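Read the structure below first, then the notes.
The values are calculated or read from the model by the stated rules, or taken from the named source; none is laboratory data. If you're wondering where the values come from, they're calculated on a predicted model, not measured in any experiment. As a convention, Cβ positions derive from the backbone with ideal geometry for all residues, glycine included, and neighbour counts pool all protein chains shown.
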């Protein structure tokens, strides 16, 4: 007979901006409505004032849904333009905004590799945040791809809520990480909390590099969506131990 295996679930701490965290929480609860989920954003998205004069570009780059939401909030209508996206939610928003999605990548690194491999040489326009994991204008420029850019959203730092700190001190948690900056902010916030039972689950190796903690940390190899997060929140105990 097989060994007696019982399952409990880590609590899940979501540190993305509030709207994204609420969406992910809803998707997770649709998979397993017994999950214990806490939201404590480490970033608040703000839309600055900016001017954009549309010109002819071969494509537009969106590495975050926040860039599209910013344009929509300012009434910027790009029309039926070709776009390259990072992330499924970004792709969905781009389609809803009427853009023609040429290709969607799971990570920024994959976008850089994909554009280089396709020998893309035309000019791109990148709508970005104040803080980004990779300087696409610089990285793609070195590969012969000209990029113009405009900052259309800012990311104000926030502290973890008392509720989140208490949860981390009392229960094992799964903490998904979507950006290197958030990883660094999180590390600074929890450095006095013991690592017992916690799992930091990073979207990419680049994000993992931002973790400055002796906590169990993994990089997603099988996707980074609510179904995968729910699976990784499981903790198996053999014979009740």
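Some observations on this one:
Table: residues versus (1) within 30 Å of residue 184 (Cα to Cα); (2) more than 15 Å from the chain's Cα centre (by Cα); (3) not assigned by TED's automatic domain parsing to the domain that holds residue 140.
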| site | (1), (2), (3) |
| --- | --- |
| 29 | yes, yes, yes |
| 35 | yes, yes, yes |
| 51 | no, yes, no |
| 90 | yes, no, no |
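- Test: residue in region 1-24 that is free of Cβ contacts under 8 Å to residues at least 24 places away in the same chain, under 23 Å from residue 172 (Cβ atoms) and buried (at least 18 other Cβ atoms within 10 Å of the Cβ): yes
- Lone unmet requirement of (1) modelled with pLDDT under 95; (2) within 28 Å of residue 71 (Cβ to Cβ); (3) in contact with a strand residue (DSSP E or B) (Cβ under 8 Å, 6 or more places away or on another chain) for residue 176: (1)
- So residue 193, is it assigned by TED's automatic domain parsing to the domain that holds residue 230, free of Cβ contacts under 8 Å to residues at least 40 places away in the same chain, over 15 Å from residue 21 (Cβ atoms) and assigned to a strand (DSSP E or B): no
Here is a yes/no grid of residues against (1) crowded, with 23+ Cβ neighbours inside 10 Å; (2) touching a helix residue (DSSP H, G or I) at 6+ places or on another chain (Cβ under 9 Å); (3) closer than 21 Å to residue 45 by Cα; (4) at pLDDT below 95:
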residue: 58; (1), (2), (3), (4): no, no, no, yes
residue: 69; (1), (2), (3), (4): no, yes, yes, no
residue: 89; (1), (2), (3), (4): no, yes, yes, yes
residue: 93; (1), (2), (3), (4): no, yes, yes, no
residue: 101; (1), (2), (3), (4): no, yes, no, no
residue: 105; (1), (2), (3), (4): no, yes, no, yes
residue: 109; (1), (2), (3), (4): no, yes, no, yes
residue: 119; (1), (2), (3), (4): no, no, no, yes
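- Flag if residue 167 is buried (at least 18 other Cβ atoms within 10 Å of the Cβ), within 17 Å of the chain's Cα centre (by Cα) and outside the structural domain of residue 62 (by TED's automatic domain parsing): no
- Subset of region 196-206 that is touching a strand residue (DSSP E or B) at 6+ places or on another chain (Cβ under 8 Å) and not in a helix (DSSP H, G or I) - its residue that is surrounded by the fewest Cβ atoms within 10 Å (Cβ to Cβ): 197
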